[in-house]
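Notes follow the structure.
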Amino acid sequence: MDTLKRRMEQLLNGRFEYEVPKLTLSDTQINLTTNEGENVRGELYVAAEDNRRIKGMTMSSNRRVLLAKEKFSGTTVCIPYGLDVKGLSAGETVDAVITINSNLGEYQVPVHAEITDDGIQTSRGAVDNLEAFIKLAESDYREAFRLYTSESFLKVLQGEDPGYESLYRGMSRNPVTYQHMEEFLIGTGKKEPVTLRLEKTEQTWDHLDTTVKDCLNLYKSTWGYTRMEVEVTGDFLEVEKKVITSEDFIGSVYGLEYLIRKEKLGSGRKYGQIRIKTVYGTYIYEVKASGNASYELSTRTYEKKGQAALATLYEKYLLGEIKQQEWKEASLKELENLRNLGCYYPKQQLTEAYIYEQTGDVANAMSVLWPLRELKFTREQMEEEAWYLALAVKTSVATEEQKMTAQARIENLYRMNPGSYPILKVLMETSEEYKQAPGRQMYMLEELFDLGCRSPFLYLAAYEKMETEAGYLKKLSPRKVYTIASEVTGLNLPGLCFEKNEQIDITEYTQIAMLTTEAAILAALQEKGVKADVAAGLSLGEYGAILTAGAMSLEDVFRVVRQRGILMQEAVPTGGAMCAVLGMDGEKIAKICDETEGIVSVANYNCPGQIVITGEEGAVAVAAEKLKEAGARRCIPLNVSGPFHSAMLKEAGEKLGKVLEQVELRAFSTPYVTNVTAEYVTEPSEIKELLGRQVYSSVKWQQSVERMIADGVDTFIEIGPGRTLTGFLKKINKNATGLHIEKVEDLDAVVKMLGEKQ
């Protein structure tokens, strides 16, 4: 009332006073520490208290403190800055003031920087001795190489064996390669050389009537760099790559593809070798093969020319350069020529059937397809099999068994041969799932391009999609997330996430793969204009919540999660266990765990009636028996690799805390709820401690969801593989809406639903 009275008096007296909102700064003072010759970069975030638009200018009082933006505007503004330390020595300091003149007033941020000699700083912390350098090389070989070739590297060798410096000088003469650094590390005795093991040493192929494609798996013994030169003896052998490096491996495995050319074989058996040479030895893979002596090379030449002519005609037809009837007549003439030459194989038969089917001549299509009904397609005829199944179902030529299994078989064929455009085309034309999701089709076309496919028909298909579904092009940007994750971690994330492999079930790889996929989905959501009011994530998912909040850069989140997975994998102790407890209150479970001898505690408060306990195997088993006696409906042992979220992983959490010390935090754009307390994180400084504790503390998921609902949240979007959290939500609060995004079509459905709710 007093305030209102005061304002009325001001108006009557002609005085107008307004309360101007203040600026919120991510840092009110910037303190920096760096080594000699190592420049520093950082970011200062500025926003209005009431989230209004701000604009203004920035100035620095010291030429060594550089600002990337002189002018700014927006709601939340990022002002990148840098510190130039060229010419400064250890012990010197730099002081400056960053002045921000804005429409909401003038603000000053003091900057103080100290030049030290605390070792060489890297993304993995300080590297001031050889052991630290070796750890850096093991986790990020590229970054280690950059340090190895810098003038600072001699600092690493101070205090080490004097012979190491002599070895380094001999191994660092230009031009320096990865192999030089590898030899240096081996020469110090701190690292074993990379050796190879072949999956097998020989293979025999007899009576081949077509070209065969096979794969030889190579296994490397340890981390580090190796370069392999691949040679073949025997003109019937071709290899995919002539040079392989350790960067081509997924984990410890690389699949070397090779071809056995049928046209180079006769009736007699031919002998050849694939020789894989490294600096440490040569590995030999022997191949024996024979074919049909009656085969004539000239026939093959005519067949290739005929297929090329057919492809050209089809391309002209798709581009509209010739009409359908002209395409049909000219193509059938080429096929007739091939038939007269004896080159009428399943590929040519299917081409003829496709032409008839596309031009409405179903009767002739059926007559061409009928002889193929009982054909057993080989491994090398996957494309032909896919096209046969599609055409046979369309024309009713397929057997009852083929009709029932056709779609599943086509999908399986594509999984086995993801680089084939013909199979993908069949899949996109036959699958209802794909036909109703043009965005996913575009995504798959780009993925095929990334795998090396350069078919002109791929370009035509992509162009058609861009013409008709231009808006879907924006969906492709989340693919950059996988590129960034691969660059930061040194892993092949697309291969890890989308190709069948054994690593995906190992904790150190599972975590980064899941987080990368969640980040990509989040990017797609943001492109659609969907912005969260609040975020939370269960266990590893909390890092996705931090990304949503904008508290860490994408690169830093990937670095931290990669190290989190490694640390947890290394720390997983023997004798640990986890058990799901159904049908009992969480407080009662926690009390019984506390009363049980040994290490056992609650790992996850998932939802009412579903709690997970963790700890020492014996203690978990005893607690489970006590819980069943106390009224628990069921106690189900979980098949997990370790006692996650237990005190047994405290050391891993503390080590993760040291990794987090190297991370630069940002001001929040969105609030988020943490697992450890089920409360909102209000200060960026809290994040590091909470994430370290999260590794060995209970995940209070039910409490986190209840807190958000109490604050008015009524719609939740779960991103990532599976619908586990959506299931928990139904048990926590039946009135809350749970949405889920795992696939491209899920994204479209969610965006549509959110639009309808507004």
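The values are calculated or read from the model by the stated rules, or taken from the named source; none is laboratory data. The structure displayed is predicted, hence computed values, not measured ones. Cβ coordinates were reconstructed from backbone atoms using ideal geometry, including for glycine residues, and neighbour counts include every protein chain displayed.
Select, from Thr24, Thr58, the only residue that is part of a strand (DSSP E or B), farther than 21 Å from Glu114 by Cα and at pLDDT 85 or above.
The conditions single out Thr58.
Identify, from the list Ile611, Ile589, the residue that is under 23 Å from Glu542 (Cα atoms), of a type in the set (A, V, I, L, M) and not assigned by TED's automatic domain parsing to the domain that holds Val676.
On the way: Ile589 fails: under 23 Å from Glu542 (Cα atoms).
None of the others qualify; the one that does is Ile611.
What residue, of Thr510, Thr517, Thr489, is within 29 Å of Leu136 (Cβ to Cβ), in contact with a Lys or Arg (Cβ under 9 Å, 6 or more places away or on another chain) and modelled with pLDDT of 75 or more?
Details: Thr510 fails: in contact with a Lys or Arg (Cβ under 9 Å, 6 or more places away or on another chain); Thr517 fails: in contact with a Lys or Arg (Cβ under 9 Å, 6 or more places away or on another chain).
The conditions single out Thr489.
For the range 498-556, enumerate the residues that are at positive phi and part of a strand (DSSP E or B). Working first, answer last.
Here is the first cut: in the range 498-556, the residues at positive phi are 529, 539, 550.
Scanning the range 498-556 gives no hits.
Of the residues that sit in the range 239-273 and are in a strand (DSSP E or B) and over 32 Å from the mean Cα position of the chain (by Cα), which one is surrounded by the fewest Cβ atoms within 10 Å (Cβ to Cβ)? Let's see the steps before the verdict.
Residues of the range 239-273 in a strand (DSSP E or B): 239, 243-245, 250, 253-260, 270-273.
The next check asks that each one be over 32 Å from the mean Cα position of the chain (by Cα); those that pass are 260, 270-273.
On the way: Ile260: 25, Lys270: 18, Tyr271: 11, Gly272: 18, Gln273: 14.
The selected residue is Tyr271.
Go over the candidates Gly170, Gly187, Gly224 one by one and state the one that is over 25 Å from Asn417 (Cα atoms), touching a helix residue (DSSP H, G or I) at 6+ places or on another chain (Cβ under 6 Å), small (Gly, Ala, Ser) and surrounded by fewer than 17 Cβ atoms within 10 Å (Cβ to Cβ).
Gly187
Out of the residues in the range 539-559 that are of a type in the set (A, V, I, L, M), crowded, with 21+ Cβ neighbours inside 10 Å and touching a residue at least 60 places away in the same chain (Cβ under 8 Å), which is farthest from Thr76 (Cα to Cα)?
So, considering only residues that are of a type in the set (A, V, I, L, M), crowded, with 21+ Cβ neighbours inside 10 Å and touching a residue at least 60 places away in the same chain (Cβ under 8 Å), the one farthest from Thr76 (Cα to Cα) is Ala545.
Under the condition of being polar (S, T, N, Q) and not in a strand (DSSP E or B), which residue from the range 61-85 is nearest to Thr670 (Cα to Cα)? Spell out how you get there, then give the answer.
Pass one, the range 61-85, residues polar (S, T, N, Q): 61-62, 73, 75-76.
Narrowing further to those that are not in a strand (DSSP E or B): 61-62, 75.
Details: Ser61: 33, Asn62: 34, Thr75: 13 Å.
So, considering only residues that are polar (S, T, N, Q) and not in a strand (DSSP E or B), the one nearest to Thr670 (Cα to Cα) is Thr75.
Please go through the range 357-376 and pick out each residue that is part of a helix (DSSP H, G or I), of a type in the set (Gly, Ala, Ser) and surrounded by fewer than 17 Cβ atoms within 10 Å (Cβ to Cβ).
Initially, the range 357-376 is screened for residues part of a helix (DSSP H, G or I), giving 357-358, 362-372.
From what's left, of a type in the set (Gly, Ala, Ser): 363, 365, 367.
Within the range 357-376, Ala363, Ser367 qualify.
Can you tell me which residue among Gly738, Gly727, Gly722, Gly712 is in a loop (DSSP other than H, G, I, E, B) and either among the aliphatic types (A, V, I, L, M) or more than 24 Å from the chain's Cα centre (by Cα) (or both)? Don't jump to the end; show me each part of the working.
On the way: Gly738 fails: in a loop (DSSP other than H, G, I, E, B); Gly727 fails: in a loop (DSSP other than H, G, I, E, B); Gly722 fails: either among the aliphatic types (A, V, I, L, M) or more than 24 Å from the chain's Cα centre (by Cα) (or both).
From the options Gly738, Gly727, Gly722, Gly712, the qualifying one is Gly712.
Among the residues of the range 423-440, is any within 18 Å of the chain's Cα centre (by Cα) and either modelled with pLDDT of 80 or more or not small (Gly, Ala, Ser) (or both)? Break it down stepwise before answering.
Filtering the range 423-440 for residues within 18 Å of the chain's Cα centre (by Cα) gives 440.
From what's left, either modelled with pLDDT of 80 or more or not small (Gly, Ala, Ser) (or both): 440.
Checking the range 423-440: at least one residue is within 18 Å of the chain's Cα centre (by Cα) and either modelled with pLDDT of 80 or more or not small (Gly, Ala, Ser) (or both).
Where in the range 591-682 are there strands (runs of 3 or more DSSP E), lying fully within it, with 3 or more residues that are of a type in the set (D, E, K, R)? Working first, answer last.
Working: elements: 600-607, 610-616, 634-637.
Where strands (runs of 3 or more DSSP E) fall fully within the range 591-682, none carries at least 3 residues being of a type in the set (D, E, K, R).
When the residues of the range 316-356 are narrowed to those that are buried (at least 17 other Cβ atoms within 10 Å of the Cβ) and among the acidic types (Asp, Glu), which ends up farthest from Lys394 (Cα to Cα)?
For the range 316-356, the residue satisfying everything is Glu334.
Considering the range 27-55 alone, what residues qualify as being in a loop (DSSP other than H, G, I, E, B) and either more than 17 Å from Ala667 (Cβ to Cβ) or free of Cβ contacts under 8 Å to residues at least 24 places away in the same chain (or both)?
If we filter the range 27-55 for residues that are in a loop (DSSP other than H, G, I, E, B), which is where we start, we get 27-29, 36-39, 49-53.
Across the range 27-55, the qualifying residues are Glu36, Gly37, Glu38, Asn39, Arg53.
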